[in-house]
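Shown next, in structure tokens, is the structure this report addresses.
Coordinate-derived values only; no laboratory data. Fair warning: this is a prediction, and the values are worked out from it, not measured in the lab. Virtual Cβ from ideal backbone geometry, glycine too; neighbours counted across all protein chains shown.
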Amino acid sequence: MNTVSARELASLVVESLNLEGVDAEQIDLAAPLFGEGLGLDSLDMLEISLVIQQRYGVKLKADDPQNEAIFSSLQSLAAHIGAVQAARS
């Protein structure tokens, strides 16, 4: 099983969303993904969800009541993916 790091997710987000001029190494892993932090929106969230499902086999549901917590930062997203993967093994 490959555990996912928040830094790896930063690279994945920059790559999958084609964030021009954003250096994945410079992203604050604890910063909010939406609003003030990276400034992502709901369409970006869908795109990230698809990429995570393809890459890590972890399905993120749009109606999950935990989404606000899961997507609060790259660190929380990485922790969620790791927890789901660990629960499977």
Next on the checklist: Can you give me the long-range amide H partners of Leu40? Hydrogens built in the peptide plane at 1.01 Å from N, cutoff under 5 Å, separation of 5 or more residues or another chain.
Outcome noted: Phe34, Gly35
Checklist outcome for this item: the stretch 73-89 and the stretch 1-66 have their Cα centres apart by a whole-number Å value of 13
Checklist outcome for this item: Simple SL model, points at 7 angstrom along Cα→Cβ for Arg55 and Gln26; separation in nm is 2.0
Checklist outcome for this item: Relative to the chain, whose Cα atoms define the longest principal axis, helix 74-88 and its Cα axis are tilted in degrees, nearest 10, by 20
Checklist entry - If the chain between Ala87 and Ser11 were fully stretched, how many nm would it gain, using 0.36 nm times the residue separation less the Cα-Cα distance? => result 24.9 nm
Next on the checklist: So if the hydrodynamic radius of the stretch 36-77 is defined as the Kirkwood radius over C-alpha pairs, what does Stokes-Einstein give as its diffusion coefficient at 20 °C and 1.002 mPa s, in µm² per second?
Outcome noted: 200
Next on the checklist: Taking a virtual spin label 7 Å from the Cα of Asn18 along the C-beta vector, which residues in the stretch 29-63 bring their backbone nitrogen under 15 Å of it?
Outcome noted: 44, 47-48
